[in-house]
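Asker: Questions regarding the structure given below will be posed in turn.
The values are calculated or read from the model by the stated rules, or taken from the named source; none is laboratory data. Being a predicted model, the structure only gives us computed values, none of them experimental. Note that each Cβ is placed from the backbone with ideal geometry, even for glycine, and that neighbours are counted across all protein chains shown. Accessible surface is based on the protein model in full, side chains and every heavy atom, while ligands, DNA and RNA are left aside. Shrake-Rupley method; radii C 1.70, N 1.55, O 1.52, S 1.80 Å.
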Amino acid sequence: MAHLTRVLKSEWTKVTTVRSTLWTLVLAFFLTVSIGIAFSALLKNLSNEERGGPLDPTYVSFSGMSMGQLAMVAFGVLVVSGEYSTGMIRASLGAVPQRGVFMAAKLVACTALALLVGMVTSVATFFGSQLVLGEEKASITDDGVLRAVVCGGLYMTLMALFSMGVTWMLRSPLLAFSILMPFFFIVSGILGVVEATRKIAQFLPDQAGMTMLAVNDLTDFDRAYGPGGALLIMLAWVAAALIGGYVMLKRRDA
Amino acid sequence: MIELEGLTKRYGTKTAVDRLSFGVRPGVVTGFLGPNGAGKSTTMRMMLGLDRPTAGDVRIDGKHYDQLKDPLNHIGALLEAKSIHGGRTARNHLLCLAQSNGIPTRRVDEVLDLVGLGSVAKKRPSGFSLGMGQRLGIAAALLGDPRILMFDEPVNGLDPEGIHWIRNLMKHLASEGRTVFVSSHLMSEMALTAEHLVVIGRGRLLADTTMESFIEENSRTYVRLRAPEPERLRDVLVADGLAPTEGAEGAIEVEGAQAVRIGELAAEHRLVLHELSPQQASLEEAFMRLTAQTVEYHAHTALPGPGEPAAAPPPGQQQGWGPQQQKEGF
């Protein structure tokens, strides 16, 4: 236990001392909050017909998350691939040859930081947007709103964690970025819109995650599961990525 | 103490390290010598638990590397391949390594000063020169004040001052009773630092001996002669049962003979000699001869094979400090 604490401290130092990785978190915050507020301002002035239904003021405030999540994905990719692309992995495993301990400590340290930034972002984008929404605004005490805001922070954290697992399998930052980014930016969206694939696409991690953010019946997602099921689907994706990453780390030469 | 037993690494059908068994003892610098691609780095990575052996075993103080708790306190390593994140300052790089092994923060500043990087502790290594990067790697190796140190090609790409510094550091560490294991593909470099020598070629152990006996066994001694009448001299030598060969620039070389005997022989036959000098082939030659069969990537200009006389260097490419170089203003 004392050993794990020491390695955890070391990994915390690692993740907080590289500027480029910290910038991705700053970017995640600003993208999410600014786009969320901008969308809220835009939609507020439209009639229900124009926006195709009643407004879910909570869900609208998360409009920037589809962009902000990409920065979170970048964070997840960088903290892991940074070890491999720089050769730091050799120093890291030289210092902590127990690979399971090493991986666990890195995941905990990076996830803690992502969770902190994710929650702050989710709270900020919610309250910022409600300020703009005026009469249409929701209150944090409204039914399901607090849960949605917490899930917003959780969603961003889980996206980072999922990316860490995937990157641990791929190692190369180029490979990880070129698979994850287009997937979440384009592919998942297309699959979700096309009629034939929609039924399958709803089980993708980001589509499931977005469902967690909806407040009850205001936003109709037409999904086979509710917010609780959505969380479980996301957790399953994260677990699969991390197990894959662990097996690769354990088996391959560094 | 490092012990290897039948250590083997295969990549598919290619054997990089082939049943290596030897021990590295404390108190001396042990040189780990082999041509490029001989398997030195792979062996060292297996010692550190980075690569998994296909077969065999390597133990550090009787334990596998991943059984060591806080390994930096047992063994420090400088690998040939860079192992530093360029975006993390030198001090933070060492700090995160220190924290993982419970090494006090004060030691970080100590080793930074020790390797002469105190003034750039807050700078990021992406802007470091090769030599500074190497020093930072050495600082990391020294962090836990370990009893075993391992350096993979530590002088590669360093300036003379840096090379000098590393040589002295290694000798100093050994004199403190530590185990120092250094790899190199340059015999001349090893001759200056190592007392013990482990030579490998194509992953196989070729020699495990002291530097002294390696030199004795492997260096070719011969006598070099120059004379105004080389034909007659040659006849006289052959008549005496010696085997003169053609040396560089018209010189005659005689292997396995005493200079004294040849001098007397020449005097008996009233032959004038312009040169009569006992020679010792360089260690580099001895190393090349030992590994000639095992060199992985041969250049197209053939190396002198075993038994053949060393080829004369073409004029203008002489090794050493000849009059020609001086004229050209070196």
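Asker: So is A:T141 open to solvent by less than 60 Å² (accessible area, probe 1.4 Å) and β-branched (V, I, T) or not?
Answerer: Details: open to solvent by less than 60 Å² (accessible area, probe 1.4 Å): no; β-branched (V, I, T): yes.
Spelling it out, it is not the case that A:T141 is open to solvent by less than 60 Å² (accessible area, probe 1.4 Å) and β-branched (V, I, T).
Asker: Do we have any residue at all in the stretch A:38-56 that's at pLDDT 95 or above and not hydroxyl-bearing (S, T, Y)? Explain how you work it out, then say what you get.
Answerer: Step one: of the stretch A:38-56, the residues at pLDDT 95 or above are A:38.
Subsequent filtering for residues that are not hydroxyl-bearing (S, T, Y) retains A:38.
Checked against the condition, which is being at pLDDT 95 or above and not hydroxyl-bearing (S, T, Y), the stretch A:38-56 yields at least one hit.
Asker: B:T210 fails exactly one of the following numbered conditions: (1) crowded, with 17+ Cβ neighbours inside 10 Å; (2) without any contact (Cβ under 8 Å) to a residue 24 or more places away in the chain; (3) polar (S, T, N, Q). What is the number of that condition?
Answerer: (1)
Quick grid of which residues meet (1) more than 10 Å from every other protein chain (Cβ to nearest Cβ); (2) open to solvent by less than 10 Å² (accessible area, probe 1.4 Å); (3) over 30 Å from A:I140 (Cβ atoms); (4) out of contact with any Asp or Glu (no Cβ under 7 Å at 6 or more places or on another chain):
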| position | (1), (2), (3), (4) |
| --- | --- |
| A:T13 | no, no, yes, yes |
| A:T24 | yes, no, no, yes |
| A:S34 | yes, no, no, yes |
| A:F62 | yes, yes, no, yes |
| A:T111 | yes, no, no, yes |
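Asker: I want to confirm something. Restricting to the stretch B:125-170 and keeping residues that are polar (S, T, N, Q) and under 17 Å from the mean Cα position of the chain (by Cα), which single residue is modelled with the highest pLDDT? Reasoning before the result, please.
Answerer: Start the filter on the stretch B:125-170 by keeping residues that are polar (S, T, N, Q), which leaves B:126, B:129, B:134, B:156, B:168.
Imposing the further condition that a residue be under 17 Å from the mean Cα position of the chain (by Cα) reduces the set to B:156, B:168.
Values: B:N156: 83, B:N168: 94.
Out of the qualifying residues, it is B:N168.
Asker: Can I ask one more? Would you mind telling me which numbered condition in (1) among the polar types (S, T, N, Q); (2) assigned to a helix (DSSP H, G or I); (3) more than 13 Å from chain B (Cβ to nearest Cβ) A:T5 fails?
Answerer: (3)
Asker: Is it the case that the stretch B:40-49 has a residue that's farther than 27 Å from A:A2 by Cα, at the interface with another protein chain (Cβ under 10 Å from one of its Cβ atoms), open to solvent by 40 Å² or more (accessible area, probe 1.4 Å) and under 26 Å from the mean Cα position of the chain (by Cα)?
Answerer: For the stretch B:40-49, residues farther than 27 Å from A:A2 by Cα, at the interface with another protein chain (Cβ under 10 Å from one of its Cβ atoms), open to solvent by 40 Å² or more (accessible area, probe 1.4 Å) and under 26 Å from the mean Cα position of the chain (by Cα): present.
Asker: Right, here's the next one. Scanning the stretch A:210-242 for residues that are farther than 20 Å from A:T197 by Cβ and among the β-branched types (V, I, T), which turns out modelled with the lowest pLDDT?
Answerer: Ranking the qualifying residues of the stretch A:210-242, first place goes to A:T219.
Asker: Pairs under 6 Å by beta carbon, first residue under 18 Å from B:H85 (Cα atoms) and more than 7 Å from chain B (Cβ to nearest Cβ) in the stretch A:90-105, partner modelled with pLDDT of 95 or more and assigned to a loop (DSSP other than H, G, I, E, B), six or more apart or different chains?
Answerer: Final answer for the pair search is A:F102/A:V96.
Asker: Taking B:A77 as the residue in question, decide whether it is open to solvent by 20 Å² or more (accessible area, probe 1.4 Å) and within 14 Å of another protein chain (Cβ to nearest Cβ). Even if it seems obvious, please write down each step before you answer.
Answerer: On the way: open to solvent by 20 Å² or more (accessible area, probe 1.4 Å): yes; within 14 Å of another protein chain (Cβ to nearest Cβ): yes.
Taking the combined requirement at face value, the residue satisfies it.
Asker: Return yes when B:L173 is in the same structural domain as B:F128 (by TED's automatic domain parsing) and either of a type in the set (D, E, K, R) or modelled with pLDDT of 95 or more (or both) and no when it is not. Walk me through how you get there before you give the answer.
Answerer: Numbers: in the same structural domain as B:F128 (by TED's automatic domain parsing): yes; either of a type in the set (D, E, K, R) or modelled with pLDDT of 95 or more (or both): yes.
Taking the combined requirement at face value, the residue satisfies it.
Asker: Report whether or not B:R25 is open to solvent by 10 Å² or more (accessible area, probe 1.4 Å) and away from chain A (no Cβ under 11 Å).
Answerer: Working: open to solvent by 10 Å² or more (accessible area, probe 1.4 Å): yes; away from chain A (no Cβ under 11 Å): yes.
When the stated conditions are applied, B:R25 passes them.
Asker: Looking at the stretch B:220-244, which of its residues are in contact with a helix residue (DSSP H, G or I) (Cβ under 8 Å, 6 or more places away or on another chain), open to solvent by 20 Å² or more (accessible area, probe 1.4 Å) and closer than 30 Å to B:A194 by Cα?
Answerer: Matches in the stretch B:220-244: B:R220 only.
Asker: Could you go through the stretch B:55-70 and let me know if any residue there is away from chain A (no Cβ under 11 Å) and open to solvent by 50 Å² or more (accessible area, probe 1.4 Å).
Answerer: So in the stretch B:55-70, the residues away from chain A (no Cβ under 11 Å) come out as B:55-59, B:61-62.
Narrowing further to those that are open to solvent by 50 Å² or more (accessible area, probe 1.4 Å): B:59, B:61.
Yes, the conditions are met somewhere in the stretch B:55-70.
Asker: Are any residues in the stretch A:243-254 modelled with pLDDT under 95 and open to solvent by less than 70 Å² (accessible area, probe 1.4 Å), and if so, which ones?
Answerer: Once the filter is applied, which keeps residues that are modelled with pLDDT under 95 and open to solvent by less than 70 Å² (accessible area, probe 1.4 Å), the stretch A:243-254 yields A:D253, A:A254.
Asker: Moving on to the next point. Are any of the residues in the stretch A:185-196 farther than 24 Å from A:A114 by Cβ and touching a residue at least 12 places away in the same chain (Cβ under 8 Å)? If you could, list the steps in order and put the result at the bottom.
Answerer: So in the stretch A:185-196, the residues farther than 24 Å from A:A114 by Cβ come out as A:190-196.
Among the residues that remain, those that are also touching a residue at least 12 places away in the same chain (Cβ under 8 Å) are: A:191-192.
Yes, some residue in the stretch A:185-196 is farther than 24 Å from A:A114 by Cβ and touching a residue at least 12 places away in the same chain (Cβ under 8 Å).
Asker: Can you run down the residue pairs with Cβ atoms below 8 Å, 6 or more apart or on separate chains, where the first is in the stretch B:245-273 and open to solvent by 90 Å² or more (accessible area, probe 1.4 Å) and the partner is at pLDDT below 90 and among the polar types (S, T, N, Q)?
Answerer: These pairs meet every condition: B:E255/B:T221; B:E255/B:T245.
Asker: Go through (1) under 30 Å from B:L290 (Cα atoms); (2) out of contact with any Leu (no Cβ under 7 Å at 6 or more places or on another chain); (3) within 12 Å of chain A (Cβ to nearest Cβ) and name the single condition B:D152 misses.
Answerer: B:D152 satisfies every listed condition except (2).
Asker: Suppose we filter A:G53, A:G68, A:G76 for residues that are under 30 Å from B:R45 (Cβ atoms) and more than 14 Å from chain B (Cβ to nearest Cβ); which single one remains? If you could, list the steps in order and put the result at the bottom.
Answerer: Details: A:G53 fails: under 30 Å from B:R45 (Cβ atoms); A:G68 fails: under 30 Å from B:R45 (Cβ atoms).
Result of the check over A:G53, A:G68, A:G76: A:G76.
Asker: For the stretch B:42-53, does any single residue satisfy the condition of being over 23 Å from A:M88 (Cβ atoms) and touching a Lys or Arg at 6+ places or on another chain (Cβ under 9 Å)?
Answerer: At the first step, the residues of the stretch B:42-53 found to be over 23 Å from A:M88 (Cβ atoms) are B:53.
Then drop every residue that is not touching a Lys or Arg at 6+ places or on another chain (Cβ under 9 Å), which leaves B:53.
Within the stretch B:42-53, one or more residues are over 23 Å from A:M88 (Cβ atoms) and touching a Lys or Arg at 6+ places or on another chain (Cβ under 9 Å).
Asker: Okay, next question. Hey, can you tell me all the residues within the stretch A:119-156 that are of a type in the set (G, A, S) and in contact (Cβ under 8 Å) with a residue 60 or more places away in the chain? Steps first, please.
Answerer: Applying the first criterion (of a type in the set (G, A, S)) to the stretch A:119-156 yields A:122, A:124, A:128-129, A:134, A:138-139, A:144, A:148, A:152-153.
Hits for the stretch A:119-156 are A:S122, A:A124, A:G128, A:S129, A:G134, A:A138, A:G144, A:A148, A:G152.
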